[in-house]
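Written out below as structure tokens is the structure these notes cover.
Rule-based calculations on the coordinates, nothing more; no lab input. As the structure is a prediction and not an experimental result, all values here were calculated from the model. Here Cβ is always computed from backbone atoms with ideal geometry, including for glycine, and neighbour counts include all displayed protein chains.
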Amino acid sequence: MMKTYDEINKKIESQKAVVLTAEEVIDYVDKKGLEAAAKEIDVVTTATFGPMCSSGCFLNFGHSKPKIKMQEAWIDDVSAYCGVAAVDVYLGATQLVHNDPANMYFPGEFRFGGGHVIEKLVAGEKLQLFALSYGTDCYPRKEIRTTFDINDLNQAIMTNPRNCYQNYNLAINCASDRTLYTYLGVLKPNMRNLTYCSAGQLSPLLNDPYYKTIGVGTSIWLAGAHGHVYAEGTQHCSKVERSENGVPMSGSGTLALTANMKDMIPKFVRGVSFTGYGISLSLGVGVPIPILNSDILKHTIVRDRDIFAPIVDYSSDYPNRSSNILGRLNYEELKKGEVTIEGKKVEVGSLSSYSLAVEIANLLKDEITKGDFILSKPFQSLAPEQGMKPLNIK
């Protein structure tokens, strides 16, 4: 049994497509059987919500009178990169606010940065632009200060180099007697807690482990806006150890995503602060998987108990780029809130919101069911056997 993208899209357009979330499809296949279910189901929706540091946006301000060629720019005192064109800037999610008084008086208390500016933009709030220039004959203005909101911009395009990590580390602090402050949150000394960040069985690339349907050109739902995968994500590393069902046993594939920020829903774009580490941006992402055959469907019924992630000691192994791991845990165990490692009970916390991922998967399901979201066939596959090189310090 084989379906095509055209056949599935015609059913979507006529509002006859059978669409299930990656959570719903598990029980459905259990009842119907794989082959029968593959004939009936057209699309499975996957989703995730959590911090994605490699995110940002291109903004175009339009030209002032007289014109300015921005050399340096700050939005609400957060620096934006100006090395593109006269009034185009790129704002990175992890950029810190200039001279943050909170960090000056309470070191490590990062409270505002690029992720928060992006959140305010999508929410339609007013922000301040301050820019400087050296002045040219065609762009004579040397300074500008004004306020704006997202509707004043010609373009506001979210352009994220690395989102939706396909599995990732479980972070713990074993070998240190002091608290560690990391991008996976606060790690208490002597194995007192463990943190992770994944939607598990709902996560997009865990439902398509071999990139059979997700590739360059795939239509995606990015915080409510219709976007697409524009490239393999940075640090994409598909050449990893996998379980029998194809699920990577560690961090592996990634996606580079883009969409129009003017179409986004504020609830799914949230700036976040990590004590002692910095700023990030939590995003909601939904990816539809067309059920072209039973093999594709088989991978979408992956369960939390089948997804194992490596436990990494961030006090020693992570900063030294060691490949040592303390073992592996599955997401069914993690979601119980407590695990046992080396005979010791350890509290577990998640940086990812499973409830919001479920909501996103259902929102995308509704859009497809109503004929408002059409699938696209990738025009280029993600690299299936690509490793990741370290930085060699010479």
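Please list, by residue number, every one of the trypsin sites (Lys or Arg not before Pro) in the stretch 254-331 that is coil in DSSP and has at most 11 other beta-carbon atoms within 10 Å.
Arg321
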Only Cα pairs under 8 Å and at least 6 apart count here; give the relative contact order of the stretch 215-325 as a rounded whole percent.
-> 24 percent
Write out the trypsin sites (Lys or Arg not before Pro) in the stretch 168-230 meeting two conditions: DSSP loop, and at most 13 other Cβ atoms within 10 Å of their Cβ.
-> Arg178
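Of Trp74, Trp221, how do they rank once you tally other Cβ atoms within 10 Å and put the fewest first?
Listed from fewest to most nearby Cβ atoms, that is Trp74, Trp221.
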Which of Leu187, Leu20, Leu326 moves the most in a Gaussian network model of the chain with Cα springs under 10 Å?
-> Leu326
Have a look at Gly215, Gly62, Gly276 and tell me which one the Gaussian network model of the chain (Cα, springs below 10 Å) gives the largest fluctuation.
-> Gly62
The relative contact order of the stretch 63-154, taking Cα pairs under 8 Å that sit 6 or more residues apart, comes to a percentage of 32 percent
Footprinting exposure proxy for His226, His299 (fewest neighbouring C-beta atoms within 10 Å first) | His226, His299
Tell me the Kirkwood hydrodynamic radius of the chain in angstroms, computed as one over the mean inverse distance between distinct C-alpha pairs.
-> 22.3 Å
Leading residue at positive end of dipole, the chain (Cβ point charges), from Cys138, Asn160, Thr258 | Cys138
For the chain, with a Gaussian network of springs between Cα atoms less than 10 Å apart, report the residue from Tyr210, Tyr28, Tyr331 with the top mean-square fluctuation.
-> Tyr28
In range of the label at His226: residues from the stretch 7-26 whose backbone nitrogen is under 18 Å from the point 7 Å along Cα→Cβ | 7-19
Which is the longest part of the chain that has none of the GluC sites (Glu not before Pro) sitting in a DSSP loop with at most 12 other Cβ atoms within 10 Å?
-> 1-240
Summing -39500 (n - 2.57) over every DSSP H run of at least 4 in the chain, dividing by its residue total and rounding to the nearest 500, the 222 nm mean residue ellipticity is -4500 deg cm²/dmol
Charge dipole magnitude, Cβ of K and R +1, D and E -1 - the stretch 231-351, Cα centre, debye nearest 20 | 260 debye
Selection from Gly217, Met70, Ala47 lying farthest towards where the dipole of the chain points positive, charges on Cβ = Met70
Reachable aspartates and glutamates from Lys126, Cα under 12 Å, same-chain residues fewer than 8 places away excluded?
-> Asp76, Asp149, Asp152
Step through the table entries Lys11/Lys39; Lys212/Lys370; Lys212/Lys239, compare each Cα-Cα distance with 21 Å, and write down the pairs that go over it.
-> Lys212/Lys370
Using the alpha-carbon centroid of each, what span in Å lies between the stretch 236-267 and the stretch 331-394?
-> 7 Å
With labels modelled as points extended 7 Å from the Cα through the Cβ direction, what inter-label distance (nm, one decimal) is found for Arg111 paired with Glu333?
-> 4.0 nm
Given a cut-off of under 8 Å on Cα pairs at least six residues apart, what relative contact order in percent is computed for the chain?
-> 25 percent
